[in-house]
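Inspection log for the structure reproduced underneath, given as structure tokens.
Nothing in this text is a laboratory measurement; each read-out follows from the coordinates by a stated rule. Everything quoted here is computed from the prediction, not taken from an experiment. Virtual Cβ from ideal backbone geometry, glycine too; neighbours counted across all protein chains shown.
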Amino acid sequence: MTSQASTPVNPTWTWGSSAIITLVNEPAQSVQLAQISLPEPAVCSIYLQARIISNADPADTVQAFTVNLIQGVGRVAVPRTLTFQAQPAVNAPLELTIPWVPLHALQVNVEAVGLFFSGAPEIRIEIYMVLSPLTRIPQKEQKLAFGMAMPGEADDLDDGLREELETEGPTATQIMMQGHEHNQDASDGLEPVEEPEEEEPVELTPIQRVVAAFVERHGRKPTRIELATTVQRIKARAARRRGR
């Protein structure tokens, strides 16, 4: 079993927050302690501390202290609720560490419920929280060629495709001969018109066919450079077709 190496975490990802809950007239109070969104998913450690900083009557105590965490991981928001009874107490703060928490976003709410026996209730609770990202999984860069074509790139592709189609397509003479044969077949029942016998075409070499196609397309003979370039392009196209 192999494990993927972790990468260092930017120190600026560390998050600290504090809040105070005051229980005076209402026995229950809540406050939002943190709302965090990290640049990337990371494995974190959460430290939380709660302590009573003011208590009007020693008989008044905290009945329950609740920490509500909503962890955002991918598309899922995972709720976690941690409740402590009779904590924190006077001179006995509550400390909590949650290690190895995978998250991308985090929201923390805390709630306290007081138990009062005096006529002038007052309990103040101070809460601290620290989020420390430990490791993050390295993301590999995608090397896919997406986007718009460079200036002139599409024109070159169109020119190459047109030349390829023109080379494979029939010449003007062949098109006219095919049309003549079609008209002759359509004139069924009519007396055929005698045509002068044509000499048998002389078979051309590949180079001669390239030169003839170039002359028919451009109206002139190709230069040596143009001829060499055309021959190389035809050879490359034939090699690609053999490789398919």
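Key figures for this structure:
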| read-out | value |
| --- | --- |
| Sparsely packed GluC sites (Glu not before Pro) within the stretch 101-130, loop by DSSP, other Cβ within 10 Å at most 11 | none |
| Long-range amide H partners of Q63 with built H, under 5 Å | V113, G114, L115 |
| Simple label model, 7 Å out from Cα along Cβ direction - Q35 to A239, nm | 6.3 nm |
| Hypothetical label at V24: residues of the stretch 38-72 whose amide nitrogen lies under 20 Å (7 Å Cα-Cβ projection) | 51-63 |
| In Hz, Karplus ³J(HN,Hα) per residue of the stretch 219-235 (6.51, -1.76, 1.60; θ = phi - 60°; x = Gly, Pro) | x, 7, 7, x, 6, 5, 5, 5, 5, 5, 5, 5, 5, 5, 5, 5, 5 |
